[in-house]
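Single-structure report; data block below.
The values are calculated or read from the model by the stated rules, or taken from the named source; none is laboratory data. Being a predicted model, the structure only gives us computed values, none of them experimental. Backbone-built Cβ (ideal geometry, glycine too); neighbour counts: all protein chains shown. Side chains are part of the model used for accessible areas, which takes the heavy atoms of the whole protein and leaves out ligands, DNA and RNA. Shrake-Rupley method; radii C 1.70, N 1.55, O 1.52, S 1.80 Å.
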Amino acid sequence: MLILASASKSRKKLLESSQIDFIQIPSNFDESIIKEEDISNLAVELSFQKAKSIANNIKDIDLPSDFDSDSLEVLGCDSIFEFKGRAFGKPVDKEEAFSRWKKMSGEFGVLHTGHTLLICNFDLASQMLTLRKTIKKTVSSKVYFSKLEDSEIKKYVDSLEPLYCAGGFALEGIGGKYIEMIEGCFSNVMGLSLPWLRNELFKEFVSH
């Protein structure tokens, strides 16, 4: 059974549309305690801490009543947008979102999503989890933005969508029409590289 250690609606939708069985349990890990200058490393470290937080607290989690698996996989993800060497998380307010989009208009940035997959043995009776393997990877995709008028930026910011997204945009939402091109994994820009996940799960459970 796969546990998605995230409250993200877009990651949830990606897994559902791919027909991957999972349960979603948000991690309450405090991201502010991690200090890392390298953006790619920061993304994967945050993903690891989120996954580890769920694994460490498995006894306090209400698993589905029909859960009977002897294995458990915990998936942690964290996305950070890099623009001209700076890390852009979620804008704090509409003013910051507008300012960012003024800079990003007609330019490109890189969306880094850190992925951590904890492969564990699980004893349902004792609720004991034993870690077998930790798989970590940052997947990066280059995102090219359209050249926008100020009125378009204001309308988008007024929708409030940018305030809830890493980098201030959502490919799967209103912001999708402002993205010209993506180099790299498409689903990664929505917060989860499905090809990476499929490959790792295949190697672990099918190819053996």
- Task: Go through region 31-63 and give me each residue that's part of a loop (DSSP other than H, G, I, E, B) and among the hydrophobic types (A, V, I, L, M, F, W, C).
- Result: Ile34, Ile61, Leu63
- Could you please give the count of residues in region 64-83 that are of a type in the set (Asp, Glu) and assigned to a strand (DSSP E or B)? 3
- Message: So, in region 153-208, exactly how many residues are aliphatic (A, V, I, L, M) and either part of a helix (DSSP H, G or I) or under 20 Å from Phe48 (Cα atoms) (or both)?
- Response: 11
- What are the pairs, 6+ residues apart or on separate chains, where a residue within region 12-40 that is within 20 Å of Val139 (Cα to Cα) and touching a residue at least 60 places away in the same chain (Cβ under 8 Å) has its Cβ under 9 Å from a residue that is assigned to a loop (DSSP other than H, G, I, E, B) and open to solvent by 70 Å² or more (accessible area, probe 1.4 Å)? Lys13/Glu172; Leu14/Glu172; Leu15/Asp21
- Note on the structure: Residue pairs qualifying under the 7 Å Cβ cut-off, at least six apart or on distinct chains, with the first in region 140-160 being open to solvent by less than 50 Å² (accessible area, probe 1.4 Å) and the second being of a type in the set (Lys, Arg), are Ile153/Lys102; Val157/Lys94
- Task: Please state which of the following conditions Leu118 fails to meet, knowing it meets all the rest: (1) at pLDDT below 95; (2) in a strand (DSSP E or B).
- Result: (1)
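Conditions tested, residue by residue: (1) surrounded by fewer than 14 Cβ atoms within 10 Å (Cβ to Cβ); (2) over 14 Å from the mean Cα position of the chain (by Cα).
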position	(1), (2)
Ile174	no, yes
Lys177	yes, yes
Ile182	no, yes
Ser193	no, no
Trp196	no, no
Leu201	no, yes
Val206	yes, yes
- Message: Going by what's in this entry, would Thr116 be described as touching a helix residue (DSSP H, G or I) at 6+ places or on another chain (Cβ under 6 Å), open to solvent by less than 10 Å² (accessible area, probe 1.4 Å) and either within 17 Å of Leu201 (Cα to Cα) or charged (D, E, K, R) (or both)?
- Response: yes
